[in-house]
Amino acid sequence: MGGLIQNMHFSNLEGIQSYSLFGESLHLPDVLHCETIAERSVLHDWELAPHRHTRLHQVLLIESGGGVAHLDGERHTLFPGALINVPSGHVHAFRFTQHTQGWVATLADELMDEIFVRVGDVRSDLGRSAVLRASPLIRRAMGDIWQEFSGCAKSRALVLRGLSATLLGWVARAIEDHSPEGAAAPQSSLVQRLQALIEAHFLEHWQVADYARALAVSPTHLSRVARAATGVSAQRLIEARLMREARRNLAYTHLGVATIAYTLGYADPAYFTRAFTRDAGLSPRAFRAQVLASAPASAQ
């Protein structure tokens, strides 16, 4: 994991850093990423400036030590046993006391999409930034993830997927249990409805105007609200969902590029290749080769 720093991608979005683990050209080198809090923090004198992850969800667990977290403008004191939930797109910053121990689990949108199929309104609960006291079940799940992630045992990818779903389920339950009655997720209702529509219609290649019409708002207003809530425009949310599906097919299936293009609603595989290359920074075939080369030997 020492090479992870070299694979971090930095971009500036309206003055707030947006970080993407592994770089925009490689989204799926593993099921998830898990590292110690000290591993990255010690390189920055235990302080991480305000930033966001536009395609990544993070769960942190403090085992010992503490500090301060700023989550979307709110200040939280960190303590031993603290659980921190950081949804995709939320601005966050940390100042840890020296020698703080714990873990950070980072889950990409691709994995979250798989986990959230037919599981109720879990996504809404996990869409809230939170600092809570971790239950023994959460602490055990995080420890199991760290142990499994660090090894190369048979069926590692399958076990990590199951542990990820378990962790997110316990975290969602903890957030719901500690939320005031009727509390809403930080994203606006409009953005939540947009995301639900994107999930239902992204294969039909709806445009921003189509979504705006379905939501009874103007395209300009829709994009403005989307950017305020997620850090990116409505158009980018639409494109990102389609590209996540493309990456998932390239990483987890043996379908040919042309077949994937047709499956995703592209009439021309060459156009799909250009769109994917523009988004990921490399061609579909190169992306698949890079994912295979980066996967642990037990997962290949």
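The values are calculated or read from the model by the stated rules, or taken from the named source; none is laboratory data. Everything numeric in this text was worked out from a predicted model, so none of it was measured. Counting neighbours? That spans all protein chains shown, and the Cβs are built from the backbone with ideal geometry, glycine included.
Is it the case that region 130-141 has a residue that's over 23 Å from residue 73 (Cα atoms) and modelled with pLDDT under 85?
Residues of region 130-141 over 23 Å from residue 73 (Cα atoms): 135-141.
Remaining after also requiring modelled with pLDDT under 85: none.
No, because not a single residue in region 130-141 is over 23 Å from residue 73 (Cα atoms) and modelled with pLDDT under 85.
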Practice prompt. Could you run through region 128-142 and say how many residues are more than 27 Å from residue 192 (Cβ to Cβ) and crowded, with 19+ Cβ neighbours inside 10 Å?
Written response: 1
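Quick grid of which residues meet (1) among the basic types (Lys, Arg); (2) buried (at least 21 other Cβ atoms within 10 Å of the Cβ); (3) at pLDDT below 90; (4) closer than 28 Å to residue 228 by Cβ:
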{"site": "34", "(1), (2), (3), (4)": "no, yes, no, no"}
{"site": "70", "(1), (2), (3), (4)": "no, no, no, yes"}
{"site": "85", "(1), (2), (3), (4)": "no, yes, no, yes"}
{"site": "99", "(1), (2), (3), (4)": "no, no, no, no"}
{"site": "121", "(1), (2), (3), (4)": "no, no, yes, yes"}
Worksheet entry | Filtered residues of region 190-235 (kept if surrounded by 18 or more Cβ atoms within 10 Å (Cβ to Cβ), among the small types (Gly, Ala, Ser) and on the phi < 0 side of the Ramachandran plot) | 212, 223, 226, 229, 234
Worksheet, complete the sentence: With criteria (1) at pLDDT 90 or above; (2) of a type in the set (Gly, Ala, Ser); (3) closer than 27 Å to residue 51 by Cα, residue 228 comes up short on (1)
Item to complete: Please name all residue pairs, on different chains or six or more residues apart, with Cβ atoms under 7 Å, provided the first residue is in region 80-107 and is free of Cβ contacts under 8 Å to residues at least 40 places away in the same chain and the second residue is among the acidic types (Asp, Glu) and part of a strand (DSSP E or B).
Response: 80/63
Practice prompt. Identify all residues within region 45-66 that are in a strand (DSSP E or B), more than 13 Å from the chain's Cα centre (by Cα) and of a type in the set (D, E, K, R); write none if there are none.
Written response: 47, 63
Discussion item. Cβ-Cβ under 6 Å, sequence separation 6+ or interchain: first residue in region 59-75 and farther than 28 Å from residue 109 by Cβ, partner part of a loop (DSSP other than H, G, I, E, B) and among the hydrophobic types (A, V, I, L, M, F, W, C). Which pairs?
Written reply: 66/79
Worksheet item: Which one is nearest to the chain's Cα centre (by Cα) among residues in region 79-100 that are within 21 Å of residue 173 (Cβ to Cβ) and of a type in the set (S, T, N, Q)?
Response: 88
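Do we find that residue 262 is over 21 Å from the mean Cα position of the chain (by Cα) and crowded, with 17+ Cβ neighbours inside 10 Å in this structure? Before you say what the answer is, go through the steps one by one.
Values: over 21 Å from the mean Cα position of the chain (by Cα): yes; crowded, with 17+ Cβ neighbours inside 10 Å: no.
Spelling it out, it is not the case that residue 262 is over 21 Å from the mean Cα position of the chain (by Cα) and crowded, with 17+ Cβ neighbours inside 10 Å.
Of 242, 282, 255, 292, which residue is modelled with pLDDT under 95, surrounded by 18 or more Cβ atoms within 10 Å (Cβ to Cβ) and not hydroxyl-bearing (Ser, Thr, Tyr)? Before you say what the answer is, go through the steps one by one.
Details: 282 fails: surrounded by 18 or more Cβ atoms within 10 Å (Cβ to Cβ); 255 fails: surrounded by 18 or more Cβ atoms within 10 Å (Cβ to Cβ); 292 fails: surrounded by 18 or more Cβ atoms within 10 Å (Cβ to Cβ).
Result of the check over 242, 282, 255, 292: 242.
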Fill in: Flag for residue 241 being within 29 Å of residue 32 (Cα to Cα), without any contact (Cβ under 8 Å) to a residue 24 or more places away in the chain and under 17 Å from the mean Cα position of the chain (by Cα)
no
Fill in: Tally, over region 202-220, of residues that are within 21 Å of residue 272 (Cβ to Cβ) and among the polar types (S, T, N, Q)
1
